[in-house]
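Peer 1: Got a structure here, written out as structure tokens. Questions coming.
The values are calculated or read from the model by the stated rules, or taken from the named source; none is laboratory data. Note that the coordinates shown come from a computational prediction; the quantities given were computed from them, not determined experimentally. So basically every Cβ, Gly included, is an ideal-geometry build from the backbone, and we count neighbours across all protein chains shown.
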Amino acid sequence: MPATTHPPAAALRDTIAQNLTHVVSLPASAVEPILCAIVAGGHVLLEGIPGIGKTLLARTLALTLDGEHKRIQFTNDLMPSDVVGAAIWRPDHGKFVFVRGPLFANLVLADEINRTSPRTLSCLLEAMENGRVSIDGRTVELPQPFTVLATRNPIEFHGTFPVPEAALDRFLVRVEIGYPDEANELQLYTGADPEEKLQSLKPVLSREALLQLRAAAAAVQVRQAVAEYAYRVVTATRAHPEVQLGASPRAAMAWLRAAKARALLDDRDYVLPDDLKALAVPALGHRVFLRSEGNADALVRDVVQGVPVPL
């Protein structure tokens with residue numbers, strides 16, 4: 001069959017961004033890394049207080065990308081079978097039948113992942129890493145494309161578990177979502193119902209076209225000078241006196257994956273240092289750990305500013 005045709009990537013980027021900002025109040029600094037992560041085939045960690053539209057954002061993305069959406073509310077008593085599914089005895093079949101859990105969707109909103117036990121979190125991480133899950137000794141593939149948008153409340157810690165560094169590393173980008181600006185919040189007060197806006201949207205990109213975009217993003221070139229620039233930045237985080245654990249080689253590779261997607265969404269087949277600079281904080285901020293209380297995002301910004309950009 002011939003490949004599905006679609007508009008240039010930059011035009012798709014703009015249309016998808018318009019869909020998102022039409023329903024949810026999001027700054028451009030939040031929209032770009034989310035789109036880059038989806039095109040790169042990665043997952044997104046959303047941080048923000050309750051009530052600012054994280055669930056609505058996931059639903060808008062799923063509709064825009066013509067994918068099935070599921071939401072999982074993580075709690076401390078949630079079991080892995082509640083997420084993945086389980087084999088249930090069916091007398092009419094005379095055998096155990098696997099009933100799929102909410103993880104089997106194209107876009108999964110994993111709400112408040114720090115409220116669940118490490119055992120349950122591990123099954124989510126396996127799915128994110130491998131695109132499949134293990135059940136009763138067998139492997140079951142997840143639908144493709146598969147993307148997890150996970151949320152974490154940064155200010156509430158009662159009844160929560162710490163999210164390990166290795167778990168944070170599974171997210172291609174971390175995006176902070178704050179309060180809407182005055183104009184958008186006043187629209188909510190005066191009757192601009194986001195649900196009505198959501199229902200008026202139409203899919204922009206099919207699942208097959210998204211898989212094609214992911215393949216195209218993987219083929220984007222990273223020239224030697226750009227790779228060396230990324231190396232100098234990540235090694236600078238490791239040598240910084242305030243850093244306990246700097247960016248790893250896997251963090252650098254994730255950063256470059258996101259930069260490839262950004263280049264594609266700008267209709268380029270090569271990565272520029274500007275792509276890396278634009279995504280440094282979303283891709284590296286949650287992968288750098290300080291020795292004491294501080295702001296890892298601010299430190300990453302300082303490191304990037306201090307490393308010369310190749311000509």
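Peer 1: Within segment 6-17, does at least one residue satisfy the condition of being on the phi < 0 side of the Ramachandran plot, of a type in the set (D, E, K, R) and in contact (Cβ under 8 Å) with a residue 12 or more places away in the chain?
Peer 2: Taking every residue of segment 6-17 in turn, at least one turns out to be on the phi < 0 side of the Ramachandran plot, of a type in the set (D, E, K, R) and in contact (Cβ under 8 Å) with a residue 12 or more places away in the chain.
Peer 1: Here is a list of conditions, (1) surrounded by 17 or more Cβ atoms within 10 Å (Cβ to Cβ); (2) within 22 Å of A167 (Cα to Cα); (3) among the aliphatic types (A, V, I, L, M); (4) touching a residue at least 40 places away in the same chain (Cβ under 8 Å), and V226 meets all of them except one; can you say which number that is?
Peer 2: V226 satisfies every listed condition except (2).
Peer 1: So, in segment 247-289, how many residues would count as being farther than 20 Å from V309 by Cα and touching a strand residue (DSSP E or B) at 6+ places or on another chain (Cβ under 8 Å)?
Peer 2: The qualifying residues number 3.
A quick yes/no check of all residues on (1) β-branched (V, I, T); (2) in the same structural domain as E32 (by TED's automatic domain parsing); (3) touching a Pro at 6+ places or on another chain (Cβ under 7 Å); (4) within 17 Å of R174 (Cα to Cα):
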residue	(1), (2), (3), (4)
V226	yes, no, yes, no
L245	no, no, no, no
A251	no, no, no, yes
A263	no, no, no, no
F289	no, no, no, yes
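Peer 1: Would it be correct to say that L299 is under 21 Å from the mean Cα position of the chain (by Cα) and among the hydrophobic types (A, V, I, L, M, F, W, C)?
Peer 2: Considered against the rule, which asks whether it is under 21 Å from the mean Cα position of the chain (by Cα) and among the hydrophobic types (A, V, I, L, M, F, W, C), L299 comes out as no.
Peer 1: From the residues in segment 111-141 that are of a type in the set (S, T, N, Q) and either farther than 19 Å from V99 by Cβ or without any contact (Cβ under 8 Å) to a residue 24 or more places away in the chain (or both), which one is surrounded by the most Cβ atoms within 10 Å (Cβ to Cβ)?
Peer 2: Among residues in segment 111-141 that are of a type in the set (S, T, N, Q) and either farther than 19 Å from V99 by Cβ or without any contact (Cβ under 8 Å) to a residue 24 or more places away in the chain (or both), the one surrounded by the most Cβ atoms within 10 Å (Cβ to Cβ) is T116.
Peer 1: Using the structure shown, decide if L78 is more than 19 Å from the chain's Cα centre (by Cα), in contact (Cβ under 8 Å) with a residue 12 or more places away in the chain and in a loop (DSSP other than H, G, I, E, B).
Peer 2: Answer is yes for this residue.
Peer 1: Something else: Looking only at segment 7-57, which residues are part of a helix (DSSP H, G or I) and of a type in the set (S, T, N, Q)?
Peer 2: Hits for segment 7-57 are T15, Q18, N19, T21, S29, T55.
Peer 1: Just to verify a result, which residue in segment 58-69, among those that are of a type outside the set (G, A, S) and not in a strand (DSSP E or B), is surrounded by the fewest Cβ atoms within 10 Å (Cβ to Cβ)?
Peer 2: Out of the qualifying residues, it is E68.
Peer 1: Next question, about the same structure. May I ask you to list the residues in segment 249-271 that are surrounded by 16 or more Cβ atoms within 10 Å (Cβ to Cβ) and out of contact with any helix residue (DSSP H, G or I) (no Cβ under 7 Å at 6 or more places or on another chain)?
Peer 2: R268
Peer 1: Applying the selection to segment 74-86, what residues are of a type outside the set (F, W, Y) and surrounded by 11 or more Cβ atoms within 10 Å (Cβ to Cβ)?
Peer 2: Passing the criteria: T75, N76, L78, M79, P80, S81, D82, V83, V84, G85, A86.
Peer 1: Does segment 149-160 contain at least one residue that is basic (K, R), touching a helix residue (DSSP H, G or I) at 6+ places or on another chain (Cβ under 8 Å) and crowded, with 16+ Cβ neighbours inside 10 Å?
Peer 2: yes
Residue-by-condition table, conditions (1) of a type in the set (S, T, Y); (2) under 20 Å from D66 (Cα atoms):
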site: A86; (1), (2): no, no
site: L103; (1), (2): no, yes
site: N106; (1), (2): no, yes
site: S122; (1), (2): yes, no
site: V133; (1), (2): no, no
site: R138; (1), (2): no, no
site: Q144; (1), (2): no, yes
site: R152; (1), (2): no, no
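Peer 1: Can you find a residue that is charged (D, E, K, R), surrounded by fewer than 19 Cβ atoms within 10 Å (Cβ to Cβ) and under 27 Å from R250 (Cα atoms) anywhere in segment 87-98?
Peer 2: Looking through segment 87-98, none of the residues is charged (D, E, K, R), surrounded by fewer than 19 Cβ atoms within 10 Å (Cβ to Cβ) and under 27 Å from R250 (Cα atoms).
Peer 1: Sticking with this structure for a sec: Does F104 satisfy the condition of being more than 22 Å from L198 (Cα to Cα), outside any loop (DSSP other than H, G, I, E, B), aromatic (F, W, Y) and in contact (Cβ under 8 Å) with a residue 12 or more places away in the chain?
Peer 2: no
Peer 1: Among the helices (runs of 4 or more DSSP H) contained in segment 183-242, which hold 2 or more residues that are at pLDDT 90 or above?
Peer 2: Counting at least 2 such residues, we get 207-218, 224-239.
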